[in-house]
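Before any comments, here is the structure.
The values are calculated or read from the model by the stated rules, or taken from the named source; none is laboratory data. Quick caveat, the model's predicted, so the values are computed rather than measured. Here the Cβ positions follow ideal geometry from the backbone for every residue, glycine too, while neighbour counts run over all protein chains shown.
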Amino acid sequence: MDPAGCGSAGAGRLKQKLRWLLLGLGLTGALACLFVDGAWDENRRRTAALLVLAAAMWFTEVVPPFATALLVITVGSIFLARPLGDAELFLRPVASPVIALFFGGLVLAMALAKRGLDHRMASLVLGRWGRNSTALLWAILAFTGVTSMLLSNTATTALMMTMLAPWLDKPGHDANQKRRLGLAVAMAASIGGMATVIGTPTNAVAAGYLAANQHPVTFMGWMAWGFPLVLVLLGITGWMLQRWIPVAPEPGPDLEALRQPMNRGDRWVVGVGVVTVGLWMTDWWHGLPAASIALLPVSLFFLCGILSAADLRKLDWDVLLLIAGGFALGSALEKSGLAGDVAGVLSHGDQAWQVALSLGGLALFLSVFMSNTAAASLLVPIAGSVGVMNPTMAVILTAFCCSLGMSLPVSTPPNALMHSRGWVQTRDLMIFGTLISLLALALMVGVVAVAGR
C-alpha cells in the first residue's frame, strides 16, 4: 500500500466533504433569506436568496461555474423578472454588447492559434531576447503581459509553457530559472489581462455593468485606467523576481526552428487582427461601438474559411455563459435595491479611500478562493452602488482586484498550470502572488485618496 497515495485520497475525500458542507450552509442561508423579517420586501428577499445560493455554488464549485450562471438566469427569469417589473431582465444580458465584444475576442484568439501565429510571435520575441537570463525574464514578462491583453490568461499561459517546456524541462536545468520564469508567466498572464476590456471576463463584467447603468467605458477609456497599472505591476514583478530569485548565466532557448514564412492565410489573419485592434483603439475618431467592431473578425474569418463550424463549437461558450449569468445577477441586485443596501454598509467610511480599501480587500480575498469572474459578478453591482466613490472608479477597482487574487494554485488557471508543471511551488505563489496583490491594492487606494473620489 502506498502511504502517500492513501494520504492524497484521504485529503481529497475531506476536501469533497468540506465542499458539500459549505454548499449546505449556503443553501440554508438562501432559505433563511426568504423568511427574513424586517425592512426587506419580497423582491429583496428573493434576490438575496439567489445571491447567497449562487455565491455558495461558485465558491464550492460542486458544479461547473457556467452551470451556476445558467441556474441564475433560469431561476431569475421564472421567479424574479416579473416581480421586478422587467420580464426580460435575466435574458437581455445573454445578447449584451459586452458578450458580443468578448465573443469577437475569442474568435480572434482562435484564428491566431489555429494558424500557429501565437507560437510564431513568441518565437520571434524569445529568439531575439532569450540569450541572456535577465533579458529573457523581462522579455517573457512583456510578451506574456501583452499577449494576455488579447488572449485569455489560460491560453497565454499554455502558449508560454509550450514555448519554454523543451528548454526548462531538460535534465539538470537550474531550478531557480524554472521558478523565476514560471512565476513570471503566471503573474504576467493575470496582470496583463487588466489592460483591455477583452483581456479577462472580470473586465467584461465590469464594462457590461457600467454600460447598463449609463457609465459606458470605451476600449481606449478602459486602457487609460488599466494599462498604466499593468506597466507598474509588471515592473514591480520583474524587479522582485530578478532580485529575489537569482539564476546562473546560461544560454537561452533556441527557437529558430519555429520560425516559418507566413503564407496568404496567415497574412490575412494578421491583417484582420491589426485592423480590428486599430479600430478598437480609435473609437474616439470613428464612433463605432467596440462590440460592432468585434464582429468584423467573426464575419470575415468564417466567410473566408479561416475558421469552420467545428472551430465555432470549440469556443469557450462556458465563459460567455458565466459572464451573462454575472450580468443577470448584477441587474437583479441593482433593480431590487439590494445592491444599494449592501453598498450602504460598505459606505460607512467617511473617505473614498476607506471604501476603496474595503471593496478591494474583499475582492482580493474572495477571488483567491473562487472564480475571478464569479467574484466580480457578485461585487461589481455592489461597488457601483457605493455613493462615496465615483461609480466608474469603484467598479473598475473592484474588477482589477478580482483579477489579482493569485495567492494559491487554485486561484487562477495560470497559477494552476505553472504549479502542475512543477516549475513553481505553493509557497512561491503565496509569497509573490500575495505581495503583488497587496502592492496593487495599495497603489489603487492611493490613487483614490489623491483623487478624492
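Worth a mention:
- Helices (runs of 4 or more DSSP H) contained in the range 298-360 and holding at least 1 residues at pLDDT 80 or above, acidic (Asp, Glu) and farther than 20 Å from Arg44 by Cβ: 309-313, 317-336
- Tally of residues being over 24 Å from the mean Cα position of the chain (by Cα), hydrophobic (A, V, I, L, M, F, W, C) and either at pLDDT 75 or above or surrounded by 23 or more Cβ atoms within 10 Å (Cβ to Cβ) (or both) across the range 106-163: 3
- When the range 356-365 is filtered for residues that are free of Cβ contacts under 8 Å to residues at least 60 places away in the same chain and more than 17 Å from Ile191 (Cα to Cα), the ones remaining, listed by number, are Ser358, Leu359, Leu362.
- Which numbered condition Val269 misses (of (1) of a type in the set (A, V, I, L, M, F, W, C); (2) modelled with pLDDT of 90 or more; (3) assigned to a loop (DSSP other than H, G, I, E, B)): (3)
- Scope the range 283-297; condition among the aliphatic types (A, V, I, L, M) and either assigned to a loop (DSSP other than H, G, I, E, B) or more than 19 Å from Ala224 (Cα to Cα) (or both); matching residues: Leu288, Ile293, Ala294, Leu295, Leu296
- First in the range 378-407 and under 13 Å from Val205 (Cα atoms), second anywhere and of a type in the set (Phe, Trp, Tyr) and not in a loop (DSSP other than H, G, I, E, B), Cβ under 7 Å, 6 or more apart: Val380/Tyr209; Pro381/Tyr209; Gly384/Tyr209; Val395/Tyr209; Ile396/Trp225
- The helices (runs of 4 or more DSSP H) falling completely within the range 27-146 that include 2 or more residues that are within 30 Å of Ile191 (Cβ to Cβ), out of contact with any Asp or Glu (no Cβ under 9 Å at 6 or more places or on another chain) and among the small types (Gly, Ala, Ser) map to 42-60, 97-114.
- Of all residues in the range 204-239, those being surrounded by fewer than 19 Cβ atoms within 10 Å (Cβ to Cβ), farther than 22 Å from Trp284 by Cα and over 18 Å from the mean Cα position of the chain (by Cα) number 4.
- When restricted to residues that are modelled with pLDDT of 90 or more, more than 18 Å from Trp20 (Cα to Cα) and either surrounded by fewer than 22 Cβ atoms within 10 Å (Cβ to Cβ) or among the β-branched types (Val, Ile, Thr) (or both), the range 45-70 contains 3.
- Filter pass, Ser77 being free of Cβ contacts under 8 Å to residues at least 24 places away in the same chain, surrounded by 16 or more Cβ atoms within 10 Å (Cβ to Cβ) and in contact with a helix residue (DSSP H, G or I) (Cβ under 9 Å, 6 or more places away or on another chain): yes
- Some residue of the range 304-318 being closer than 27 Å to Met220 by Cα, buried (at least 17 other Cβ atoms within 10 Å of the Cβ) and not charged (D, E, K, R): no
- Options Val410, Val450; residue that is more than 21 Å from Asn176 (Cβ to Cβ), modelled with pLDDT under 90 and outside any helix (DSSP H, G or I): Val410
- Residue check, Asp283 under 30 Å from Ala394 (Cβ atoms), modelled with pLDDT under 80 and surrounded by 12 or more Cβ atoms within 10 Å (Cβ to Cβ): yes
- All positions within the range 408-437 that are among the aliphatic types (A, V, I, L, M) and free of Cβ contacts under 8 Å to residues at least 60 places away in the same chain: Leu408, Val410, Ala416, Met430, Ile431
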